[in-house]
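Q: Take this structure first; my questions come after.
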Ligand SMILES: Nc1ncnc2c1ncn2[C@@H]1O[C@H](COP(=O)(O)OP(=O)(O)OP(=O)(O)O)[C@@H](O)[C@H]1O
Ligand SMILES: [Mg+2]
């Protein structure tokens, strides 16, 4: 392929991709293309197979069938399903972020961005101590890495927090830092798994600005997103998945008005979706998707991006048994609503308009305090009165496992409620 066609043709071509976990068809015969320089959105209800597509593209899963072709700007072609996963970021220039944030929370922002460039720096050192001491290209490469890190810190609007631990950032800023870190590997294709989930409108706006900045550098973006307003605003092309199959593919306006998308994604009740699929002969897919997940076919055991332990992928809340039963057609937002409604003592607003300082409970930081507020928890006495079921609900949306008991939030809340005189 010549360089000219490489700059104009699709950067990514997915052909007849299937991913099976035992009897479960997570992706069935999926084909689509992502054009160079565009934002391609991958949308669909919970469990549709979006993250699995990312895991196949970035080498976390080896697909059961199909071909994934990546064409770089220079015209080199890579079959990603055959490339060893550690080569996918370095050679094929694909980077990703994860549905659950994965940063090195104890490291500073700058350190997080430098660690992402570790491979290139080690290469520049020639893997020798003399190289590390500044002979050869290491000194120059190291200066370039710092420049690149500063550039993306600036684009993420985080320069003034460069020396703070990443774990201290608010949620939306952590999302932008994750994207900045992926950009420091200088990808040609950036895969973002629900970057806008859980953001407030101001954070969403900052994210859109950053994505447009990235697009203007010529980097192509593959975006998984539930928020239709984000999808409509920033994507050039939308691919819709339902039960692992493609049900629509086109520009945002045509996809938005496609009746199958309206039925599947925007939420009609489960029986209507089932009826619609039965009509078009997809009963088999429904049956297969009713089967239990197969834990034996997890992700491969090395990461395709320096983004934290791979065990995180296995523990991805959507693949690890998923405590919450995903109802078809329900948006993620609706599911969060439902979970919140399940809390026995949530409030619409804090009593007397003034919430307690929940961060006084060891284990609750500002981010979790905000999430608790969003779910109607404002006072120590509410936490002190949580039932076991409440604890399970809260752990699900905070993505904690067992921490609430381990850190004894309920005991801490009880004594704080007594101290502040709020106990009943
Ligand atoms: N390692 C695995 N083992 C077994 N089943 C899996 C595995 N990974 C994914 N699945 C299943 O594949 C299906 C698709 O999951 P996936 O996480 O790709 O959906 P998604 O579209 O990203 O959903 P969400 O919007 O909730 O993130 C689900 O039924 C899921 O349980
Ligand atoms: Mg997902």
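The values are calculated or read from the model by the stated rules, or taken from the named source; none is laboratory data. Since we're looking at a predicted model, the values are computed, not measured. Neighbour counts run over all protein chains shown; Cβ positions are idealised from the backbone, glycine included.
This table checks each residue for (1) crowded, with 16+ Cβ neighbours inside 10 Å; (2) outside the structural domain of residue 36 (by TED's automatic domain parsing).
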{"position": "156", "(1), (2)": "yes, yes"}
{"position": "174", "(1), (2)": "yes, yes"}
{"position": "190", "(1), (2)": "yes, no"}
{"position": "202", "(1), (2)": "no, no"}
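Q: Okay, next question. Filter region 256-272 down to residues that are assigned to a helix (DSSP H, G or I), away from ligand 1 (no atom under 16 Å from the Cβ) and crowded, with 17+ Cβ neighbours inside 10 Å and give me whichever is modelled with the highest pLDDT.
A: If we take residues in region 256-272 being assigned to a helix (DSSP H, G or I), away from ligand 1 (no atom under 16 Å from the Cβ) and crowded, with 17+ Cβ neighbours inside 10 Å, then 256 is modelled with the highest pLDDT.
Q: In this structure, is residue 43 closer than 27 Å to residue 174 by Cβ and in contact (Cβ under 8 Å) with a residue 60 or more places away in the chain? Reasoning before the result, please.
A: Values: closer than 27 Å to residue 174 by Cβ: yes; in contact (Cβ under 8 Å) with a residue 60 or more places away in the chain: yes.
Considered against the rule, which asks whether it is closer than 27 Å to residue 174 by Cβ and in contact (Cβ under 8 Å) with a residue 60 or more places away in the chain, residue 43 comes out as yes.
Q: Against the definition (surrounded by 21 or more Cβ atoms within 10 Å (Cβ to Cβ), farther than 20 Å from residue 192 by Cβ and either outside the structural domain of residue 93 (by TED's automatic domain parsing) or modelled with pLDDT of 90 or more (or both)), how does residue 214 come out, yes or no?
A: no
Q: Can you tell me how many residues in region 64-119 are modelled with pLDDT under 85, buried (at least 18 other Cβ atoms within 10 Å of the Cβ) and within 14 Å of residue 187 (Cβ to Cβ)?
A: 2
Q: Kindly establish whether residue 194 is modelled with pLDDT under 95, surrounded by 15 or more Cβ atoms within 10 Å (Cβ to Cβ) and touching a strand residue (DSSP E or B) at 6+ places or on another chain (Cβ under 7 Å).
A: The answer is yes for residue 194.
Q: Residue check, residue 37 against (1) in contact with a strand residue (DSSP E or B) (Cβ under 7 Å, 6 or more places away or on another chain); (2) within 9 Å of ligand 1 (Cβ to nearest atom); (3) part of a loop (DSSP other than H, G, I, E, B), all met but one. Which one?
A: Evaluating residue 37 over (1) in contact with a strand residue (DSSP E or B) (Cβ under 7 Å, 6 or more places away or on another chain); (2) within 9 Å of ligand 1 (Cβ to nearest atom); (3) part of a loop (DSSP other than H, G, I, E, B) leaves (2) as the failure.
Q: A further question follows. Pairs only if they're at least six apart or on different chains, beta carbon under 6 angstrom, first in region 212-240 and assigned to a helix (DSSP H, G or I), second within 16 Å of ligand 2 (Cβ to nearest atom) and at pLDDT 95 or above; list them, first residue then second.
A: Listed pairs, sorted by first residue: 231/41.
Q: Go through region 220-237 and give me each residue that's under 19 Å from residue 188 (Cα atoms) and either within 13 Å of ligand 1 (Cβ to nearest atom) or within 18 Å of the chain's Cα centre (by Cα) (or both).
A: 220, 221, 222, 223, 224, 234, 235
Q: Then there's this: Kindly indicate which of 175, 202, 161 is closer than 26 Å to residue 369 by Cβ and within 16 Å of ligand 1 (Cβ to nearest atom).
A: Checking each option against the conditions leaves just 175.
Q: Let me ask something else about it. Scan region 376-399 for residues that are surrounded by fewer than 20 Cβ atoms within 10 Å (Cβ to Cβ) and in a loop (DSSP other than H, G, I, E, B) and jot them down. Even if it seems obvious, please write down each step before you answer.
A: Step one: list which residues in region 376-399 are surrounded by fewer than 20 Cβ atoms within 10 Å (Cβ to Cβ), which gives 376, 381, 385, 387-389, 391-392, 395-396, 398-399.
Once the filter is applied, which keeps residues that are surrounded by fewer than 20 Cβ atoms within 10 Å (Cβ to Cβ) and in a loop (DSSP other than H, G, I, E, B), region 376-399 yields 376, 385, 387, 399.
Q: Also, I was wondering about something else. Would you confirm whether or not region 351-362 contains a residue that is in contact with a helix residue (DSSP H, G or I) (Cβ under 7 Å, 6 or more places away or on another chain) and either modelled with pLDDT under 75 or within 30 Å of residue 262 (Cβ to Cβ) (or both)? Quick ask: steps written out before the conclusion?
A: So in region 351-362, the residues in contact with a helix residue (DSSP H, G or I) (Cβ under 7 Å, 6 or more places away or on another chain) come out as 355-356, 358-362.
Imposing the further condition that a residue be either modelled with pLDDT under 75 or within 30 Å of residue 262 (Cβ to Cβ) (or both) reduces the set to none.
Within region 351-362, none of the residues are in contact with a helix residue (DSSP H, G or I) (Cβ under 7 Å, 6 or more places away or on another chain) and either modelled with pLDDT under 75 or within 30 Å of residue 262 (Cβ to Cβ) (or both).
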